[in-house]
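Here's the structure, in structure tokens; my notes come after.
The values are calculated or read from the model by the stated rules, or taken from the named source; none is laboratory data. Please read all numbers here as calculations on a predicted model, not as lab measurements. Note that we place each Cβ from the backbone using ideal geometry, even for glycine, and neighbour counts take in every protein chain shown.
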Amino acid sequence: MQRRTLSREEFDRYSPVVRRTAMWVARRASKHVTVSDLCAKGWAGLLDALASAEVMGAVEALDDYAAARIRGAMLDYLSSFDGKLREARKKSRLLARAIAALDKALDRAPEEVEIAAALSMEPAEYDALLTSIAAAGVARLELLDFDVDGSPASANDADVAPATLETALAKLPRLSQQVIAILYQEDCTPTEAAEVLGIDAGRVQRIHTEAMHRLRASLGRE
């Protein structure tokens, strides 16, 4: 069966979406993932979306459907890095569950030292855990996925009420809230956020990773 090809009009229409999504994913994935590879996967996802639309007939909100398939194809590609990613996901689940258990037991957001203790880790070991999860890109795949425009895509998919998400964000430690705001509302890189906050970029990455797990625990996705 001959694979569908894009018309010039379709290429011009969706090229910004593919590029923007690839840039967003690449900035938050592990270092070996390239924008060009992600774009290639995104174009494949778009072709599948358009082909499906033709088979099923007119698809309502085609642009939204295509954007979701583009993003999904890129995330599927990230998931193909099995070995280290599986291990990072395991660590991610353990972290989210530990935070959720502490939230319930303490009836408040736990401190970093309390999370480390719950995981039977020294502070340095806990920092290393967060660093490894961030490096694997699991903070994007396993936790709340933020859409290209900065809104939580997985929250929309799961019909999480905006008020619920707002409450979860409000429970984050102040520094975590600042990191999230700078990274997503201001669309800054971790290095840029570090300059604003007066801390190093590695610390920003760890705070971001922990914040995503705190949100995941608050929303019952541990």
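Of all the residues that make up region 105-115, how many are assigned to a helix (DSSP H, G or I) and either among the acidic types (Asp, Glu) or over 16 Å from His208 (Cα atoms) (or both)?
Qualifying residue count for the region: 5.
Assess whether Leu102 counts as being assigned to a helix (DSSP H, G or I), touching a residue at least 40 places away in the same chain (Cβ under 8 Å) and surrounded by 15 or more Cβ atoms within 10 Å (Cβ to Cβ).
Values: assigned to a helix (DSSP H, G or I): yes; touching a residue at least 40 places away in the same chain (Cβ under 8 Å): no; surrounded by 15 or more Cβ atoms within 10 Å (Cβ to Cβ): yes.
Taking the combined requirement at face value, the residue does not satisfy it.
Go through (1) modelled with pLDDT of 80 or more; (2) touching a Lys or Arg at 6+ places or on another chain (Cβ under 6 Å) one by one and return the number of the condition Arg28 breaks.
Among (1) modelled with pLDDT of 80 or more; (2) touching a Lys or Arg at 6+ places or on another chain (Cβ under 6 Å), Arg28 violates only (1).
When you look at Leu6, is it over 29 Å from Thr131 (Cα atoms), surrounded by fewer than 20 Cβ atoms within 10 Å (Cβ to Cβ) and either modelled with pLDDT of 85 or more or over 26 Å from the mean Cα position of the chain (by Cα) (or both), yes or no?
Values: over 29 Å from Thr131 (Cα atoms): yes; surrounded by fewer than 20 Cβ atoms within 10 Å (Cβ to Cβ): yes; either modelled with pLDDT of 85 or more or over 26 Å from the mean Cα position of the chain (by Cα) (or both): yes.
In short, yes.
Conditions (1) at pLDDT 85 or above; (2) under 14 Å from the mean Cα position of the chain (by Cα), marked per residue:
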| site | (1), (2) |
| --- | --- |
| Ala135 | no, yes |
| Glu142 | no, yes |
| Ser151 | no, yes |
| Asn156 | no, yes |
| Thr164 | no, no |
| Arg174 | yes, no |
| Glu192 | yes, no |
| Leu219 | no, no |
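Tell me, which residue of region 65-81 that is without any contact (Cβ under 8 Å) to a residue 60 or more places away in the chain and farther than 13 Å from Gly137 by Cα is surrounded by the most Cβ atoms within 10 Å (Cβ to Cβ)?
Ile70
Kindly indicate which of Ser15, Ser36 is part of a helix (DSSP H, G or I), closer than 27 Å to Val204 by Cα and either in the same structural domain as Val204 (by TED's automatic domain parsing) or modelled with pLDDT of 85 or more (or both).
Matching residue, one of Ser15, Ser36: Ser36.
Give me a count of the residues in region 171-222 that are of a type in the set (A, V, I, L, M, F, W, C), surrounded by fewer than 15 Cβ atoms within 10 Å (Cβ to Cβ) and within 24 Å of Lys90 (Cβ to Cβ).
Residues in region 171-222 being of a type in the set (A, V, I, L, M, F, W, C), surrounded by fewer than 15 Cβ atoms within 10 Å (Cβ to Cβ) and within 24 Å of Lys90 (Cβ to Cβ): 0 in total.
Looking at region 115-135, which of its residues are surrounded by fewer than 16 Cβ atoms within 10 Å (Cβ to Cβ) and of a type in the set (D, E, K, R)?
Glu122, Glu125
Is it the case that region 81-94 has a residue that's modelled with pLDDT of 85 or more and either among the aliphatic types (A, V, I, L, M) or not in a helix (DSSP H, G or I) (or both)? Lay out the reasoning, then the answer.
Of all residues in region 81-94, those modelled with pLDDT of 85 or more come to 90-94.
Add one more test, that the residue is either among the aliphatic types (A, V, I, L, M) or not in a helix (DSSP H, G or I) (or both), and what stays is 94.
Yes, there is a match, as at least one residue in region 81-94 is modelled with pLDDT of 85 or more and either among the aliphatic types (A, V, I, L, M) or not in a helix (DSSP H, G or I) (or both).
Could you tell me whether Thr21 is among the hydroxyl-bearing types (Ser, Thr, Tyr) and at pLDDT 90 or above?
Criteria met by Thr21.
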